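A.B. asks: Dropping the structure in here first, questions after.
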Amino acid sequence: MSNSPPPEDAAEGTDAAITIINDWPEDITVVVDNNQNLVSAFPFTTSTIQSATCTIGYAQAAPSPTAQPSFDVSFQSGNKMTVNLGVAPFATSAAPPSFPDQKAGAVLAPVKMGGSPIDYNFLFFDGPGVLPIAINAFIQSHLPAIVSHIATSATAIPVAGGSSFHITDLKIDPASLTCPYAGMLPENQYSQTAVINSIFLVKEATLIGTQTIASQTGTFDLTIKDLTMYIQFKVDSSFSEIPRATALQCSLGDFSLSGTLRTVLESVIGEEGVAFIFASPYNLAAFVNTVQNETVMETLNAALKANAAKLPGWITEALGVSDEEQQTAS
């Protein structure tokens, strides 16, 4: 399966909207240069980005290129990333995809779906590299207990429109889930709300469960590989409320799906639509990033709230769930 956009994009020139986000508490300088085989590139070679803001740009590969289109991004920390943009025989990728000091990160999210004219949404992050240490320690310490809790509790995930999923098993090795980047700053100088920009990598995971969609109940067994996910959370700086997901974008290396979920979806949106969505990892990720993006975030937030009281105490403490919210959720 491919994480590339449709082949016709090679003739048109694969393109990407670019956003570079500053999670440092001070202004930074980011350099985008060494453009190769591009017909349109980021407008600023050197860009100064104020704290807690971003700068935007655009890149487009040459139509039917004879060599790999690419450009380089040099971050405030001194880290440098080469970004490839294209379809087979060329690639869309970042090298390296992350850095040992965890001070920079990237998500190359497919978005050509639902009328979007652009192939990718490239998100780059630059920050101090402090928060990932705590997040990764939490993952390694507590993921086995989370997996056990899901397996014994049939965790419910409500979905907009009255649908729902029940996760009965989660198969994932703690080493398969990492946070290569995360940064947190106040939303603005007057705000009591903190913004957390985080990237998570999932090497491989399998979700097993049941779903109810349009009053039809069925089963699913979904395995995902090489998932890169950006999630932005907003949280009260006192951590007295459950964090809310306010942005989500992802890319996917591969997946497999069995069970009756496809059949149920076909009865709702038609065989052609389902076949298109599951035709490739690119299409599935683009579907999540565009058509269903708001629903996915609503589902994530609803799942956090609905299951707050059922989570083990150390999870609710980490999420900042107050006693009142736990009682409300129950």
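A.B. asks: When you look at Val296, is it at pLDDT below 95 and under 22 Å from Pro110 (Cα atoms), yes or no?
C.D. replies: Taking the combined requirement at face value, the residue satisfies it.
A.B. asks: Oh, and also: Take Thr223 and decide whether it is hydroxyl-bearing (Ser, Thr, Tyr) and surrounded by 15 or more Cβ atoms within 10 Å (Cβ to Cβ). Spell out how you get there, then give the answer.
C.D. replies: On the way: hydroxyl-bearing (Ser, Thr, Tyr): yes; surrounded by 15 or more Cβ atoms within 10 Å (Cβ to Cβ): yes.
So Thr223 passes the test.
A.B. asks: Determine, yes or no, whether Gln232 is under 30 Å from Pro186 (Cβ atoms), in a strand (DSSP E or B) and polar (S, T, N, Q).
C.D. replies: In short, yes.
A.B. asks: So which residues in segment 254-280 are outside any helix (DSSP H, G or I) and within 22 Å of Met297 (Cβ to Cβ), if there are any at all?
C.D. replies: Phe255, Leu257, Phe278
Condition check ((1) surrounded by fewer than 18 Cβ atoms within 10 Å (Cβ to Cβ); (2) small (Gly, Ala, Ser)) across all residues:
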site: Asn121; (1), (2): no, no
site: Thr152; (1), (2): yes, no
site: Phe165; (1), (2): no, no
site: Thr168; (1), (2): yes, no
site: Ala194; (1), (2): yes, yes
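A.B. asks: Of the residues Val235, Val202, Val195, only one is closer than 30 Å to Gly259 by Cβ and β-branched (Val, Ile, Thr); which?
C.D. replies: Within the list Val235, Val202, Val195, the selection yields Val202.
A.B. asks: To continue, here is another question. Mind checking which strands (runs of 3 or more DSSP E) fall wholly inside segment 30-138 and carry at least 3 residues that are modelled with pLDDT of 95 or more?
C.D. replies: In segment 30-138, 54-61, 70-74, 80-84, 93-95, 104-110, 120-126 are the strands (runs of 3 or more DSSP E) which contain 3 or more residues that are modelled with pLDDT of 95 or more.
A.B. asks: Here's something else I'd like to know. Is it the case that some residue within segment 271-284 is among the aliphatic types (A, V, I, L, M), in the same structural domain as Lys171 (by TED's automatic domain parsing), without any contact (Cβ under 8 Å) to a residue 24 or more places away in the chain and surrounded by 14 or more Cβ atoms within 10 Å (Cβ to Cβ)?
C.D. replies: yes
The values are calculated or read from the model by the stated rules, or taken from the named source; none is laboratory data. Being a predicted model, the structure only gives us computed values, none of them experimental. When we count neighbours, we look across all protein chains shown, and the Cβ atoms used for this are built from the backbone with ideal geometry, even at glycine.
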